[in-house]
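The values are calculated or read from the model by the stated rules, or taken from the named source; none is laboratory data. Computed from a predicted structure; not experimentally measured. For neighbour counting, all protein chains shown are included, and Cβ atoms are generated from backbone atoms with ideal geometry for every residue, glycine included.
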Amino acid sequence: MNISAQLMSLDQQIEQKIAEQVRRIEHIAERNQWKVIEAFQEHHVSDYHFAASTGYGYNDRGREVLDEVYASVFKAEAALVRPHFVSGTHTIATALFGVLRPGDELLYITGKPYDTLHKVIGSEQDGTGSLRDWGVTYNDVALTSEGEVDWDAVEKAMNSNTKVIGIQRSRGYDWRKSFTVEQIGDMVKRVKAIKPDVIVFVDNCYGEFTELMEPTEVDVDLIAGSLIKNPGGGIAPTGGYIAGKKTYVDQAAYRLTAPGIGGEVGSMLGATRAMYQGLFLAPTTVGQAVRGSVYAAALFEALGYESSPHWTSPRTDLIQAIRFTSAEQLIAFVQGVQKASAVDAHVVPEPWDMPGYEHPVIMAAGTFIQGGSLELSADAPIREPYIAYMQGGLTYAHAKLGALQALQTMVDRGLLSIDF
Ligand SMILES: *Cc1c(COP(=O)(O)O)cnc(C)c1O
């Protein structure tokens, strides 16, 4: 794999350094694996549930039971798990449109949400059918300089129209801390003390199975996520899930299909088995990916780069942010990750204007599922302060190879030297 002897000796040091952290990650993966198996058993998952339906998909038992299994895993009243969600953004938008009505306000208390949601929120009468276009107002409260929720500002911002409180668990493309489930639980208590009937929504993308609990276990009303991230286990070909209070999940289902139809109709397009199998594998695969993130953080920190989270920090998502000092380093890093892929290692990613993003983005994604980011992938918006975001790896060995190839590519291009 063209990794120098020098880097391989550094690898030995890093492995020793992270051993204790790895044990914690494996413990979480094991418990979550058991939790998922328990949910399968509870709902008597059988071979016939994996069969494909056609047309309306009436009485598709596989679809119905999959919803129930997800609800059990997330300890939620209900869930909606479908291949018809085209992406995480679509899933989140469906949840928000499901519960918000004209005149209501959506208030994000963890700063501005993920880039692709800005157009969902929209601007005044943009004609796109955005939330704003439908008369749903929006506000957000920036995090404090310490990365905490600014409670004084939240109290001021909440008003009689505030219907949904938005929380983003993962850092997304921001240099900020991700919020643990425990922290999210505290947020729920505080906003409900201010306004008991508010609906708390959590964008759970990248968070699933990184901790022992999920946001729905700390009184969050509604969560959404993507199946080409954590809960799809790298196997689900596409799709998303929504889970939470039954009323809200039903409303989201009416939005996904049509009022009166909801989640009771819909052929699963032959994806059901992959969605079950992916969920089964997800806790273990997420554990492998998290271990890869911790390894990458420790590796680049050893060379003087700042990373977030630090390798010793407890994890609540997959994303590892590493701060570089130039666009060249970012590009070398991402291209190096691509070189480690089993798929498309021979192509070289370049920055491009991706739909939904506000800066050119370079992405390494040598994946089996297009854009699947529980698989080893790296993204970097080409803007200061030159931060690369790396995530995933269906196996730890692959995630580690990605970090090493990224570093080797930087060394080969003379962008850093390693002397020790
Ligand atoms: C990935 C992600 C999204 C959007 O998902 P897409 O599948 O890219 O549309 C939203 N929020 C967060 C935090 C994410 O990580």
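Among the residues of segment 192-210, how many are away from the ligand (no atom under 12 Å from the Cβ) and either small (G, A, S) or surrounded by fewer than 22 Cβ atoms within 10 Å (Cβ to Cβ) (or both)? Qualifying residue count, segment 192-210: 7. Consider D221 carefully, then state whether it is more than 12 Å from the ligand (Cβ to nearest atom) and touching a strand residue (DSSP E or B) at 6+ places or on another chain (Cβ under 9 Å). Criteria met by D221.
Being touching a Lys or Arg at 6+ places or on another chain (Cβ under 8 Å), of a type outside the set (S, T, Y) and more than 30 Å from Y70 (Cβ to Cβ), is that true of even one residue in segment 325-333? Lay out the reasoning, then the answer.
Pass one, segment 325-333, residues touching a Lys or Arg at 6+ places or on another chain (Cβ under 8 Å): 328, 332.
Cutting the leftovers down to of a type outside the set (S, T, Y) gives us 328, 332.
Then keep just the ones that are more than 30 Å from Y70 (Cβ to Cβ); that gives 328, 332.
Yes - at least one qualifying residue is present in segment 325-333.
When A340, A378, A397, A403 are checked against the criterion of being surrounded by fewer than 21 Cβ atoms within 10 Å (Cβ to Cβ) and either modelled with pLDDT of 95 or more or among the hydrophobic types (A, V, I, L, M, F, W, C) (or both), a single residue qualifies: A397.
Okay, residues lined up against (1) over 20 Å from Q408 (Cβ atoms); (2) at pLDDT 95 or above; (3) in contact with a Cys (Cβ under 9 Å, 6 or more places away or on another chain):
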{"site": "M1", "(1), (2), (3)": "no, no, no"}
{"site": "Q12", "(1), (2), (3)": "no, yes, no"}
{"site": "Q16", "(1), (2), (3)": "yes, yes, no"}
{"site": "A19", "(1), (2), (3)": "yes, yes, no"}
{"site": "R24", "(1), (2), (3)": "yes, yes, no"}
{"site": "A29", "(1), (2), (3)": "yes, yes, no"}
{"site": "N32", "(1), (2), (3)": "yes, yes, no"}
{"site": "I37", "(1), (2), (3)": "yes, yes, no"}
{"site": "Q41", "(1), (2), (3)": "yes, yes, no"}
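Within segment 227-250, being crowded, with 22+ Cβ neighbours inside 10 Å and assigned to a loop (DSSP other than H, G, I, E, B) holds for L227, I228, K229, G233, G234, I235, A236, T238, G239. For segment 343-357, filtered to residues that are surrounded by 14 or more Cβ atoms within 10 Å (Cβ to Cβ) and more than 23 Å from N2 (Cα to Cα), the residue that is modelled with the highest pLDDT is P351.
Do we find a residue being out of contact with any Phe, Trp or Tyr (no Cβ under 8 Å at 6 or more places or on another chain) and crowded, with 19+ Cβ neighbours inside 10 Å anywhere in segment 316-327?
Looking for residues that are out of contact with any Phe, Trp or Tyr (no Cβ under 8 Å at 6 or more places or on another chain) and crowded, with 19+ Cβ neighbours inside 10 Å, one finds none in segment 316-327, hence no.
Can you find even one residue in segment 350-365 that is within 16 Å of the ligand (Cβ to nearest atom) and under 28 Å from K35 (Cβ atoms)? Looking for residues that are within 16 Å of the ligand (Cβ to nearest atom) and under 28 Å from K35 (Cβ atoms), one finds none in segment 350-365, hence no.
List the number of the failed condition for A52; all other conditions in (1) modelled with pLDDT of 95 or more; (2) in contact with a helix residue (DSSP H, G or I) (Cβ under 8 Å, 6 or more places away or on another chain) hold. Result: A52 fails condition (1) only.
Filtering segment 1-17 to residues that are under 30 Å from the mean Cα position of the chain (by Cα) and part of a loop (DSSP other than H, G, I, E, B) leaves only M1. Evaluated against (1) hydroxyl-bearing (S, T, Y); (2) under 30 Å from V337 (Cβ atoms); (3) in contact with a Phe, Trp or Tyr (Cβ under 9 Å, 6 or more places away or on another chain), S87 falls short on exactly one condition, (3). Here I331 clears all of (1) surrounded by 21 or more Cβ atoms within 10 Å (Cβ to Cβ); (2) within 22 Å of the chain's Cα centre (by Cα); (3) of a type in the set (A, V, I, L, M, F, W, C) except the condition numbered (2). Is there a residue in segment 395-416 that is farther than 19 Å from S4 by Cβ, assigned to a loop (DSSP other than H, G, I, E, B) and either polar (S, T, N, Q) or touching a helix residue (DSSP H, G or I) at 6+ places or on another chain (Cβ under 9 Å) (or both)? Scanning segment 395-416, I find at least one residue that is farther than 19 Å from S4 by Cβ, assigned to a loop (DSSP other than H, G, I, E, B) and either polar (S, T, N, Q) or touching a helix residue (DSSP H, G or I) at 6+ places or on another chain (Cβ under 9 Å) (or both), so the answer is yes.
In the set (1) within 16 Å of the ligand (Cβ to nearest atom); (2) free of Cβ contacts under 8 Å to residues at least 24 places away in the same chain; (3) under 30 Å from H359 (Cα atoms); (4) not hydroxyl-bearing (S, T, Y), the condition left unmet by Q183 is number (3).
I need the full set of residues from segment 144-180 which are more than 16 Å from the ligand (Cβ to nearest atom) and touching a residue at least 60 places away in the same chain (Cβ under 8 Å), in order please. Hit for segment 144-180 is K163, nothing else.
Do the conditions hold for M390, that is, is it hydrophobic (A, V, I, L, M, F, W, C) and within 16 Å of the ligand (Cβ to nearest atom)? Yes, satisfied. Taken over segment 87-110, the residue count meeting the criterion of being more than 10 Å from the ligand (Cβ to nearest atom) and within 14 Å of C205 (Cα to Cα) is 1.
The residue of segment 132-150 that is farthest from V200 (Cα to Cα), among those that are surrounded by fewer than 17 Cβ atoms within 10 Å (Cβ to Cβ) and more than 25 Å from the chain's Cα centre (by Cα), is D133.
Restricting attention to segment 202-223, the residues being touching an Asp or Glu at 6+ places or on another chain (Cβ under 7 Å) and of a type in the set (F, W, Y) number 1.
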